[in-house]
Amino acid sequence: MTSVRVVVASLLLACGASSPSLAQAPKKPDAADIRLALDKLNVLGSVLYFAAHPDDENTRLIAYLANERKLRTGYLSLTRGDGGQNLIGSEIREELGIIRTQELLQARRVDGGEQFFSRANDFGFSKNPAETFTIWNKEQVLADAVWTIRKFRPDVIITRFSPEPSGTHGHHTASAMIAVEAFDAAADPKRFPEQLKTVEPWQAKRLLWNTSSFFYSQNQKFDTSDKLVLDAGVYNPLLGRSYNEIAAQSRSMHKSQGFGSSGTRGEAVEYFEFLKGAPAKTDVLEGVSTSWSRVPGSKDVAQLLGEALKSYNPANPAASVPVLLKAHAALTKLPASYWKTVKQQELQEVLKACLGLYLEASSVRDYSVSPGEQVALSLEAVNRSAVPVTLTKVEYLFAHQDTTLQQKLEMNKPLFLKTSKTVPAAMPYSQPYWLQVPGSVGMFRVDDPALIGLAQNPAAAQVNLHLTVQGQPFTFAVPVVYKRTDPVEGEQYRPFEIAPPVFVNITEKVYVFADAQPKPVTVRVRAGKDQVEGQVSLRLPEGWRSEPANHSIKLSQKDEEQTFTFQVYPGAAQTESAISAVVTSKGKTYSQSLRTIQYAHIPTQTLFPEAVAKAVKLDLKRKGQVIGYLMGAGDEVPASLQQIGYAVEQLRVENLSAAALQKYDAVVVGVRAYNTMERLKFQQPQLLQYVQNGGTLVVQYNVSNGLVTPNLGPYALKLSNDRVTVEDSDVRFLKPNHPVLNTPNKITEQDFRGWVQERGLYFPNQWAPEYEAILSANDPGESPKDSGLLVAKYGKGYYVYTGYSFFRELPAGVPGAYRLFVNMLSLGK
């Protein structure tokens, strides 16, 4: 089965598909889509856009190149955006990377581009490329870029950022530096020669920087005299929108980043600065042949495709089939080449659209099965034209079986085939390929080179439908999907998956033991198939124990759940370790959990991470008991506070009142609340009155742009972009005797060890003298940043503003972060 997946993955990348739209209904192109696709058949040119993150791409330019210039247009994002924040939910790190991967795929479905990735992990903000390359494996990232260039064979490569360090995100500059080096390396057979078993060296015509006035400071003149220019604001009557409008719709798919955009109309000039290769004076593709003349012997193909375009009738697309079949026959006779492969795939899809050919393979009962089980399948094939089409064979690739038949597809008469096939016992689980094996902080590990570059896994199960159209053979690869009818939303699709037979979920990500008392650890066991029996137990740090040692499980139906609780007794020593849960059934051990990510704008995503929770035994004292918490964006801090014994009550911004808040020992405002909650500009006086009356208010970081009110505190403070990205940078105590560093926990340098991703972000750069700056830190070679923790006495209470990244540290179980956060909550107690 592995070999089949490799072949499919290679074919997908070679033919330009970032991966099948696994969770989408089969495409149903309309007459305008077909007309545009016919146009594209006559254009043989490609452009690769190159940047670092989801959202870095210029969606307007991609839409213009793909739809106006009809070019194959790809976007290589070196990372999946794992290190950012999440404005729509609580998923962070790898799970956020999955969301942003799917958002990019949705964006490409809108603007017509294709999506690729490298193995680079978005480890968080980086201030310069030198720092970036200490965490990324530069040679691996470069290899991935070269691999994608050799596969995609772009005529022109365009970077979003300059390769010259300019104070932007280090990943940004690093991406452009990689592009510059890959431009030459892709053409050099001595670089990454192991790739040449599958691909050939490729030299792009030129490398350009898609620049703008945004990249120049106020003191710099944006000189356009030496720039290439094009107007990407063109209106496309086939699509009924300008590329500005398409770009806004595409960019609005980046919902986890809050990048909803409004469409504009009219001229939109793009500028390009030459970096490498052959200079150009008038156009980005100057000197590049984009016609069939670049393919020897293709004169007949070009003539026939031109005839198909000229005679196309949107009221009767099937009338184009005879000439398209002639073009396909002529194309088949040409020697093997890159453009032959690409255009064969495109032409096959155009023929399918002109025939009104609908092909679908769906799982009848469920979205998943376990290895060794049977999947009930329903195949649907409909020819909605008068052109003779015959289904000759159905090939079930995943099951290594096929069925030969000679079934004519009569006009508009659907053919349904019902069958059951056994999934091989050795079939791998449908875990995202870049998460199957643990990687490093800076890099994902991918052992199968054929998968590198793909946006997502190839289909877990695929059916090949072999047909003849007026005697010519075609093979259509159809991914198996799960389809159901929702009583409200109607027809719903999601990916079909291969899943473990049993899942075990630990309900918390972190367990913090502040003393020797036991804590309940709750485990949910869920059946991935019918009839699951066995035992569930915990694997604990040395010196720890649980009561009981195990529980018996018996689940008769798939998706049935049982919940079990273990009383876990910590050891005496302070430690950071792990608690894992395992199920033993029929002599086999299963340790996968089940995590489902569901948002309306992306297909449902399922992953199977190991059932592991962090276990922390620490020396922690606290004062106060009841905390009021105003949720921020992607906020897991409340659960962390509950872990150490606080009673946390979530607050609603519209109900805030100083009188009602007096019952809380402290009130905490979540991350970016002042960026996302419009009503805070009206309710802020209530929070400050609570402080004045004797309360303790802790406000976590906000982004400097887009604040709903400038009055974040009782005294003036101004946020900046200042941050400390090195998580193990030295932290200095400016006020060592201040209560926040001494009560109830004595904070020492040890408490700042083991932090993750960063120290803090968006520190104030101006603050009133009433605030006391408690801590100072800075990245190497930079000036001290003293405002990461500001404390002010206001009336009878305390106001705290902190840019330190507690929203990352507490869910990660960092002991010192807990101790310091408790001290902030305990001020005035």
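Values for this structure:
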read-out	value
Separation between Cα centres of the range 765-795 and the range 606-645, rounded to whole Å	26 Å
Inter-label distance, nm, simple model (7 Å from Cα along the C-beta direction), residue 709/residue 139	5.6 nm
Under 19 Å from the Cα of residue 408 - aspartates and glutamates, other chains or at least 8 residues apart	360, 380, 395
Three-way shape label, the range 721-823, alpha-carbon gyration tensor, a/c 1.5	oblate
Calculated P(r) tail over 40 Å for the chain, as whole % of Cα pairs	44 percent
In order through the range 184-200: 3J(HN,Hα) via Karplus (6.51 cos²θ - 1.76 cosθ + 1.60), integer Hz, x for Gly, Pro	7, 5, 5, 8, 9, x, 7, 8, 6, x, 4, 6, 6, 5, 10, 10, 10
Between helix 94-111 and the chain: long-axis angle, C-alpha atoms, 0 to 90°, nearest 10	40 degrees
Equivalent-ellipsoid semi-axes of the range 626-825, from the Cα gyration tensor, Å, largest first	24, 19, 16
Once the Cα gyration tensor of the range 385-484 is diagonalised, semi-axes √(5λ) in Å	36, 15, 12
Degrees, to the nearest 10: 31-41 long Cα axis against longest axis of the chain	80 degrees
Gyration tensor verdict on the range 45-290 (Cα atoms; rounded if a/c is under 1.5, prolate if a/b is larger than b/c, oblate otherwise)	rounded
Qualifying lysines (Cα of each under 29 Å from Cα of residue 413; at least 8 residues distant if same chain)	27, 28, 326, 352, 393, 421, 483
The chain - mean residue ellipticity at 222 nm from DSSP helices (-39,500 (n - 2.57) per run, n ≥ 4, rounded to 500)	-6500 deg cm²/dmol
Under 13 Å, Cβ to Cβ, from residue 623 - net charge with Lys/Arg +1 and Asp/Glu -1	+3
Average Cα contact separation per residue, the chain, under 8 Å, 6 or more apart, as relative contact order %	10 percent
Förster-model FRET efficiency, 45 Å R0, residue 654 and residue 384, C-beta, rounded to 0.05	0.30
Exceeding the 18 Å Cα-Cα cut-off - candidates 617/829; 299/340; 509/554; 151/340	617/829; 509/554
For the range 502-617, alpha-carbon Rg relative to the globular expectation (2.2 N^0.38 Å, N residues)	1.13
Ranked list, fewest to most other Cβ atoms within 10 Å of each Cβ, for 529, 829, 617	829, 529, 617
Cα long-axis angle, helix 680-692 against the chain (0 to 90 degrees, to the nearest 10)	20 degrees
Cα centroid separation, the range 142-182 to the range 421-436 (Å)	33 Å
Cα centroid of the range 219-287 to Cα centroid of the range 440-487, whole Å	32 Å
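Since every read-out is calculated from the coordinates, none of them should be taken as a lab result. Model, not experiment: these values are computed from the prediction. Neighbour counts are summed over all protein chains in view; Cβ atoms, including those assigned to glycine, are modelled from backbone coordinates with ideal geometry.
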